[in-house]
1. Tabulate in residue order the Karplus-calculated ³J(HN,Hα) for the range A:837-842, using 6.51 cos²θ - 1.76 cosθ + 1.60 with θ = phi - 60°, rounded to whole Hz; enter x for Gly and Pro.
2. Can you tell me which of A:663-672, A:494-503 comes out highest on packing, and rank the rest after it, using the mean Cβ neighbours within 10 Å?
3. Heavy-atom accessible area per residue, the range A:696-779, 1.4 Å probe: how many Å²?
4. Of the heavy-atom accessible surface of the range A:290-374 (probe 1.4 angstrom), what whole percent is carbon and sulfur?
5. Translational diffusion coefficient of the range A:43-108 at 4 °C, 1.567 mPa s, Stokes-Einstein with Kirkwood Rh over Cα pairs, in µm²/s as a whole number.
6. Would you kindly compute the Cα radius of gyration of the range A:215-331 and its largest Cα-Cα separation (Dmax), both in Å?
7. Round to a whole number: what % of the accessible area of the range A:510-606 belongs to carbon and sulfur, probe 1.4 Å?
8. By its C-alpha gyration tensor, with a ≥ b ≥ c as the square roots of the eigenvalues, how is the range A:1-53 shaped: rounded for a/c under 1.5, else prolate for a/b larger than b/c, else oblate?
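The values are calculated or read from the model by the stated rules, or taken from the named source; none is laboratory data. Because the structure is a prediction, the values reported are computed rather than measured. Heads up, the Cβs are rebuilt from the backbone with ideal geometry, glycines too, and the neighbour counts pull from every protein chain shown. Areas reflect the complete protein model, heavy atoms only, side chains present, ligands, DNA and RNA absent. Shrake-Rupley method; radii C 1.70, N 1.55, O 1.52, S 1.80 Å.
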Amino acid sequence: MTEMPKTYDFASVEERLYQWWEENGWFKPETRPPDAQPFVISIPPPNVTGELHQGHAMFVSLEDLMIRRARMQGRAALWVPGTDHAGIATQLQVEKMLLRTEEVTREEIGREEFIRRTWQWKEKYGNYITQQLRRMGASCDWDRERFTMDEGLSRAVREAFVRLYRLGLIYQGEYLVNWSPGLQTAVSDLEVEYNEEPGYLYYFNYPLQEGGHIPVATTRPETILGDTAVAVHPEDERYAHLIGQTALVPILRREIPVIGDTYVDRAFGTGALKITPGHDPNDFEIGRRHHLPIVNVMTKKATMSEAAGPYAGLDRFVCRERLWADMQAAGLTIRVVDYTLNVPRSQRGGEVVEPLVSRQWFVNTEPMAKLALAAVHSGRIRIIPDRFVKVWDNWLQNIRPWCISRQLWWGHRIPVWYCAACGHKTVPLADPTTCEACGSPHIEQDPDVLDTWFSSALWPFSTLGWPDQTPDLARFYPTDVMETGYDILFFWVARMVMAAGLFTNDIPFHTVYLHGLVRDGDGQKMSKSAGNVVDPLKVMDEYGTDALRFTLLTGSTPGNDMNLALPKVANNRNFANKLWNVARFIVNNLDKAASTAIRNTQYALRPTPADQWILARLDEVITTANRLFDTYQFGEAGRQVHDFFWADFADWYVELAKVQLAQAGATAYTTLSVLRYVLDQCLRLLHPYMPFVTEETWQQLKRAFQSAAVGIAPAGGWPDALIIADWPAAGLTAAERETYAPAAVAFERLRELVRAIRATRAEQGVEAGRSIPAILVAGETAAFLETQRPILAFLARLDEKALVITGQATTPDKALTISLGDVICYLPLAGLMDVEKEKARLSKELADLDRQIERLTTLLAGDFTQKAPPAVVEREREKLSRLQASQAQVSGRLAEIS
RNA sequence: GGGCGCUUAGCUCAGUUGGUUAGAGCGCUUCGUUUACACCGAAGAAGUCGGGGGUUCGAGUCCCUCAGCGCCCACCA
């Protein structure tokens, strides 16, 4: 027998239990019965070289919660773990490392070597993040761990690309894309963020060849050099007559047409628009409509190109100033006004993204988007919270081609080989040696890699073996829940649903649960620059994993951001300690019982009113918690159990159990059984939230129970571990519920009485330790209270020998009066009582009662009785009658002492 | 321009079929080590549930409207 220490020491528990669970194979669906219904979650793969942050902590907590509950419900729970190669992020990290440690750039060591070094880096640091997920208690099946660039997943990527290509859904073309000059790669629309920043709107005159000019405004003068038209609205009286004339690009004096297009907003700026198809998405569209040439005045480094004439080689922003100065000298400028710009910046790195025409690969996502829309509309996929359905629809209905090529080295190489001889593109499943069209061996693979999200889109099925029809794929796909942050709804969730529809002809999961962002305690976004990052590892070091998990789980609601405040975590650490200490009390008593007469005695269970009350409450809580779990209200479910455990079980039942245990025999036996049962059920309910403290505590309970052999064992016996124990279901029979109900109600009354006595004592300054006499005039309740005499005395600190419980009305002289419906309690405090003060107190109480009676009388005289449900009306009527009883007592008492 | 969320006690937040006198934790006040726990217990103070209007017997909860804060999508030079 090991003595339980006074304080729960999470540090000595967590790692040991995690290893024990894993060694026993409990994270694997195979250790459940073979016919068990699967429950599957694919992990949102963290960046392979990333470090644990609160976003990870949040998803681990939520997903592990679902997985653990499903496992306890007897399902074959499978949580598939893995990591993402994270193209840009990882490449940048390795580049930085090479520069720092060896002072070499990736260009210097070459592509092949760079990739080799990146793999090395991945092998070295790749398990940091998964170790940290373990630390959170994640019960993933690590034997099934995957990596987006492992062999199997690479094959899935190849398969997907080739199929899309053959369906004509992947194509290559010269389009205006978001170009990141620093990263030297294209990025997708989703990877661009727009920020409002102060800037200028430049007004100037566009000279016409025939003489005269058109005034034009722009925010980016440097793009003037790439203009290929000036557009006006065809119905604009000011300018319509100029359509068809020729304008001259300032400084360069290149000839461009004046065109008419209804896109032009006559009210904005000067009402005339310069058109730069090479550097603006709208102009690109207009250019296509009018078959305008594209002049690219910038290089991929965002410096000016040869087409910029005298400005070639200048940085884009330097060119802006230089050109404007030259135009000013030429008398073309009008004025410059302050203007708020919406500047596109790269999500990674923050540099200004340049719209640039380049040759890229795209996916035509429209057909797949239709599948994704239908999946949600048909109800086959449910999004929680459902307001995100609107966001989903909006994005998918207006979906645009997805730019999937990246000019990076780290990632899945685009599986297209160009033939030097005939120009044919070979797009095969296996690497080719010759052109499939002409057989030439002179073929070269496309240098680009795929957007990281391309492989992520396949994740739920690629991790289970797709494209092969593996046993795992057959058994575990489609998965059940996709739990992730709402910020990657488009990046990831939508694309998975699209890909699954096309490649597996199925939905990838039936439920999407979206969590919010974790902010700091003051609601600020956590960031290194703000210095307010709450490191989950440090939090776990200080407060324990369970405290962090419980805080994240009960402090958040689906789709809403949460603030993580350390005092909350501390409080939940205290909760873990509370669990521990309640268990400690029960374990101690079981151990004590092992050497008493009740050992091995098979008493019949004889639940007292208090037992019946706590059992009925527990049943209620189990029912409520299960309803909340089933509707994905995990936070509320956790709070309900927390409140029940602390406020009902620990504060009341455990206290009064001390009295019942002292009574020995059947009462003590029953009390021990009830204590064990309620604790056991609570540990089960809380295990998905706080896996460590519940398991450790439960093992103690099991050990003590088995060695004491006192009380009733769990219905299903004692399984090896809580992690695989049965999930609680409401256990009372209808008959029991009916029998327990009156006792439960009576006990609630007793609780009120105790509270009232305590409050009065405190108010009157009676020393907390002093036992005082009391007279309870209780009418019909007297008999019940008589049975609860020791509990009442113990909880309210009454002198049991001087406690009078009677059905007869008596009126002591100098006594404080507490009135609760049909029960009146006198505390004869002869020496202490101040009659005037007591009169004032009773008068105040009477006024209070009058006010409430008034309110209820009015309520019950109106339409309420006809229109409200009978049960609600009945409840109000009962309340009124209790208030009236109290009123009579208080006013009577007031008359007596006056 | 379109859409969404939030606004409840000093602070951080719960409150999902509308139904007691609106809850918790922290903080604050007073008391207390009685056979688990001071990472504790008992008692208490503290809220016109953002403003206004409406539906209803009844609204923190549903509808309309206004205001403040925040987010997403689109990207008019």
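1. 4, 5, 4, 4, 5, 5
2. Top to bottom by mean Cβ count within 10 Å: A:494-503, A:663-672.
3. Value returned for the range A:696-779: 43 Å² of accessible area per residue.
4. 52
5. 90
6. Just the Cα atoms of the range A:215-331 yield Rg and Dmax of 13.9, 42 Å.
7. It is 47 percent, rounded to a whole number.
8. It comes out oblate by the Cα gyration axes.
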